[in-house]
1. Would you be so kind as to identify which of VAL74, PRO198, ALA147 lies farthest towards the positive end of the dipole of the chain, taking Lys and Arg as +1 and Asp and Glu as -1 on Cβ and the Cα centre as origin?
2. Could you state the accessible area per residue of the chain in Å², with a 1.4 Å probe and every protein chain left in place?
3. If you place +1 on the Cβ of every Lys and Arg and -1 on the Cβ of every Asp and Glu, how big does the dipole about the Cα centre of the chain come out, in debye to the nearest 20?
4. Which FRET efficiency, nearest 0.05, do LEU200 and THR144 yield, Cβ-Cβ r, R0 30 Å?
5. Could you tally the net charge around THR77, taking each other residue with its Cβ under 13 Å from the Cβ of THR77, Lys/Arg +1 and Asp/Glu -1?
6. In segment 170-230, which trypsin sites (Lys or Arg not before Pro) fall in coil by DSSP and have 14 or fewer other Cβ atoms within 10 Å?
7. If I take R0 = 35 Å and measure r between the Cβ atoms of SER4 and ALA123 in this structure, what FRET efficiency does the formula 1/(1 + (r/R0)^6) give, to the nearest 0.05?
8. Here are a few candidate values for Rg and Dmax of the Cα atoms in Å: (i) 17.1, 47; (ii) 17.6, 60; (iii) 15.8, 47. Which one was actually calculated from the structure I just gave you?
Amino acid sequence: MQPSVLVFDVNETLIDLESVAPLFGELFGDERVLHEWFTRLVMYSMTVTLSERYVDFFTLGGGVLRTLADRYHVRVTDHDTARLQTAMRNMPAHPDVVEGLNLLRDNGFRLITLTNSPHREGAPSPLDNAGLAGFFERQLTVDTRRAFKPAPTVYRQVCEVLDVIPAECVMVAAHEWDLLGARNAGFSTAFITRRGIPPLSVRGLPQPDLVARDLPDLAERLSHLRRADA
């Protein structure tokens with residue numbers, strides 16, 4: 001079956017995590033701590049899910065920030081964790097995203113997001129704040145299933161909400177762990193090489209079906225595949 005639903009990860013894939021780096025530079029004296037924080041945040045989100053527990057992604061992120069503060073012997077206050085949550089809700093889109101989403105929408109794809117980040121009732125989502133919400137049919141969050149990606153139930157949610165089968169879906173992400181989870185649920189996968197990071201190459205693990213440098217490149221590759229199948 002020709003995939004017709006593109007399911008986008010949000011953090012790093014669509015919106016720019018690097019915009020939060022100045023806060024880490026202020027708190028830790030080194031903006032590169034941002035990536036240590038995010039890597040630990042993802043690791044602990046998976047650990048929480050495997051342990052059959054749940055707190056939302058931003059709450060967990062505040063805890064990871066305080067853990068790093070203890071490690072680096074710096075002072076982090078409740079106000080600082082609130083600033084981090086505000087920054088995470090207000091990250092800008094990558095420069096290529098609007099052009100790419102327009103191309104994909106014009107090519108007839110259904111556009112959905114699936115994110116670890118929570119949505120506060122009655123408050124703008126990170127996609128709203130980035131000016132991207134209007135491109136998407138649905139904004140889905142792991143909060144509904146109280147489990148983080150790459151738990152299979154998170155991807156199954158997409159199929160249940162949209163009334164589609166996994167073969168109709170392509171997961172688009174800049175994280176290999178997200179794509180492995182989606183592949184396990186029966187999705188096709190597309191890897192976006194943000195920050196020049198290539199896909200994980202390990203014998204015995206599935207590779208992404210598509211690799212693109214940005215969203216316009218992804219749109220061109222998907223269009224080429226459609227023309228080839230026509």
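The values are calculated or read from the model by the stated rules, or taken from the named source; none is laboratory data. Keep in mind that what you see is a predicted model, and the values were worked out from it rather than measured. Reconstructed Cβ throughout: ideal geometry from the backbone, glycine too, with neighbour counts over all protein chains shown. For the accessible areas, the whole protein counts, side chains as well, though only heavy atoms, and no ligand, DNA or RNA atoms are used. Shrake-Rupley method; radii C 1.70, N 1.55, O 1.52, S 1.80 Å.
1. Most positive-ward Cα: ALA147.
2. Accessible area per residue: 47 Å².
3. 460 debye
4. The pair LEU200/THR144 has a calculated efficiency of 0.60.
5. Summing Lys and Arg as +1 and Asp and Glu as -1 gives 0.
6. The qualifying sites are ARG203, ARG213.
7. Rounded to the nearest 0.05, the efficiency is 0.70.
8. (ii)
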